[in-house]
Amino acid sequence: MAAIALRSPQYKTITAGTNAAYATCSITINGAASPQYVLRKDTSTNAIVLFEISELCLDFLTITFNGTYTAQTLSISTVVNAYTSADALINGTTFTDIGYDAYGTFMEGANPEVPFSNRPRWLLNTDPNSLNVYYIYVPNNTAGVLPYIAVNATMGYVGYGASQTSISASTNYGQYLVNIVRVDCTKYGDGHKITFVNKFGALQDIWFFLKSVNTTNKKSENYQRNIISSTGTYSVNSHTKQVYNTIANTNITLSSGFYPEWANQWFEQLLLSEQIWMTRPVPTNPSSSEVVPVNVKKNSITKKTVLNNKLIQYTFDFDMSFDYINNVR
């Protein structure tokens with residue numbers, strides 16, 4: 001069973017065979033009673049017929065996060081058949097896949113599959129010069145989870161404790177050791193956790209350890225108001241320039257703290273992610289936390305290196321993915 005990356009094109013093909021007139025592609029998602037899509041293409045004898053399915057399948061995959069880490073994938077059954085002009089079946093092929101909200105790069109070639117290497121595997125990038133061990137960077141006294149892909153292509157998450165410093169390799173999930181590097185960020189609070197859907201289609205946490213800056217922005221309209229009364233007087237306490245249609249948005253600027261150079265790929269994937277959340281204290285109850293959707297404000301990052309920058313750290317601006325004044329109707 002293949003774990004296919006649905007943010008990149010995924011092609012299914014069939015050789016039509018003798019006397020072929022057309023071919024069909026039926027796509028059934030999550031075991032539905034009938035196909036969600038049936039595509040048809042005209043063809044000819046022994047021609048190769050090509051169907052692209054990723055865009056259609058991705059419509060059924062909406063990643064959500066409320067603080068609980070769950071595997072969010074699709075089971076996809078694709079049946080490609082070839083027929084004669086008399087509607088007689090010539091031949092057919094069935095593909096059974098698991099769809100991930102993942103993508104491959106151009107250099108990784110066509111029809112990319114997660115995790116782009118052997119399984120089982122942790123679903124996050126590590127130091128390319130040390131592939132037999134993984135690293136994550138987490139504040140002191142903080143628990144968390146790591147995503148993985150099992151041998152059967154299913155996604156899962158493994159938890160680690162607040163004082164744990166490593167996760168052992170396992171034949172059931174990650175085949176390599178994970179070192180949990182603890183970071184003291186108490187100078188600036190408890191750190192800020194950003195959770196995003198990474199290249200592999202899994203929820204990955206990345207911590208920003210240094211200072212944060214909160215900003216509120218306002219947009220509004222105004223008009224010149226007539227405040228003259230019927231007697232020709234007016235109140236000096238009335239507004240002549242009336243403000244209306246006020247909307248506001250908040251954003252936060254976070255500094256990452258120091259990361260190794262190879263972690264550039266994490267920040268690049270954060271930039272390219274389409275779903276991002278921030279865990280923050282509840283404003284009215286700081287002892288509790290809440291998860292809020294955010295969007296990365298910047299459109300590019302310059303990858304930093306030890307040679308050019310000595311110490312590697314990034315600053316990201318995040319817009320809250322909602323208006324501050326509730327205007328949901």
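Here are the numbers for the structure shown:
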| item | result |
| --- | --- |
| Tally of residues being at pLDDT below 95 and within 22 Å of the chain's Cα centre (by Cα) across the range 136-147 | 0 |
| Those residues of the range 128-159 which are closer than 22 Å to ALA2 by Cβ and not in a loop (DSSP other than H, G, I, E, B), in sequence order | PRO147, TYR148, ILE149, MET155, GLY156, TYR157 |
| Set GLY104, GLY99, GLY109: member being of a type outside the set (Val, Ile, Thr) and over 20 Å from LEU61 (Cβ atoms) | GLY109 |
| Selection count, the range 115-136, where residues are of a type in the set (Phe, Trp, Tyr) and either loosely packed, with under 12 Cβ neighbours inside 10 Å or in contact with a helix residue (DSSP H, G or I) (Cβ under 8 Å, 6 or more places away or on another chain) (or both) | 1 |
| Residue match in the range 261-273 (condition: assigned to a strand (DSSP E or B), surrounded by 13 or more Cβ atoms within 10 Å (Cβ to Cβ) and not aliphatic (A, V, I, L, M)) | no |
| Counted residues, the range 301-315 - those being exposed (fewer than 11 other Cβ atoms within 10 Å of the Cβ) and closer than 25 Å to GLY104 by Cβ | 1 |
| Conditions (1) crowded, with 18+ Cβ neighbours inside 10 Å; (2) under 14 Å from PHE51 (Cα atoms); number of the one not met by TYR100 | (2) |
| Any hit, the range 73-95, residues being more than 20 Å from the chain's Cα centre (by Cα), loosely packed, with under 13 Cβ neighbours inside 10 Å and under 29 Å from ALA202 (Cα atoms) | yes |
| Failed criterion for LYS304 (all others in (1) in the same structural domain as VAL133 (by TED's automatic domain parsing); (2) in contact (Cβ under 8 Å) with a residue 12 or more places away in the chain; (3) out of contact with any strand residue (DSSP E or B) (no Cβ under 8 Å at 6 or more places or on another chain); (4) part of a loop (DSSP other than H, G, I, E, B) hold) | (3) |
| Flag for ILE14 being buried (at least 18 other Cβ atoms within 10 Å of the Cβ) and either in the same structural domain as GLN265 (by TED's automatic domain parsing) or more than 30 Å from PRO147 (Cα to Cα) (or both) | yes |
| The one condition in (1) closer than 25 Å to ILE149 by Cβ; (2) among the hydroxyl-bearing types (Ser, Thr, Tyr); (3) surrounded by fewer than 17 Cβ atoms within 10 Å (Cβ to Cβ); (4) outside the structural domain of GLU261 (by TED's automatic domain parsing) that THR45 fails to fulfil | (1) |
| Matching entry among THR233, THR250 (being farther than 30 Å from ALA3 by Cβ, at pLDDT 90 or above and surrounded by 10 or more Cβ atoms within 10 Å (Cβ to Cβ)) | THR250 |
| Residue under evaluation THR62, criteria (1) at pLDDT 95 or above; (2) within 30 Å of LYS193 (Cβ to Cβ); (3) out of contact with any Leu (no Cβ under 8 Å at 6 or more places or on another chain), criterion not met | (1) |
| Filtered residue count, the range 281-300, keeping only those that are assigned to a strand (DSSP E or B) and surrounded by fewer than 10 Cβ atoms within 10 Å (Cβ to Cβ) | 4 |
| Whichever residue in the range 233-257 is within 23 Å of the chain's Cα centre (by Cα) and in a loop (DSSP other than H, G, I, E, B) and, among such residues, is nearest to ASP323 (Cα to Cα) | SER256 |
| Flag for TYR148 being among the aromatic types (Phe, Trp, Tyr), buried (at least 18 other Cβ atoms within 10 Å of the Cβ), in contact with a Phe, Trp or Tyr (Cβ under 7 Å, 6 or more places away or on another chain) and more than 25 Å from THR305 (Cα to Cα) | yes |
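The values are calculated or read from the model by the stated rules, or taken from the named source; none is laboratory data. Here the structure is a predicted model, which means the values were calculated and not measured. FYI the Cβ positions are ideal-geometry reconstructions off the backbone, even for glycines, and counts take in every protein chain you see.
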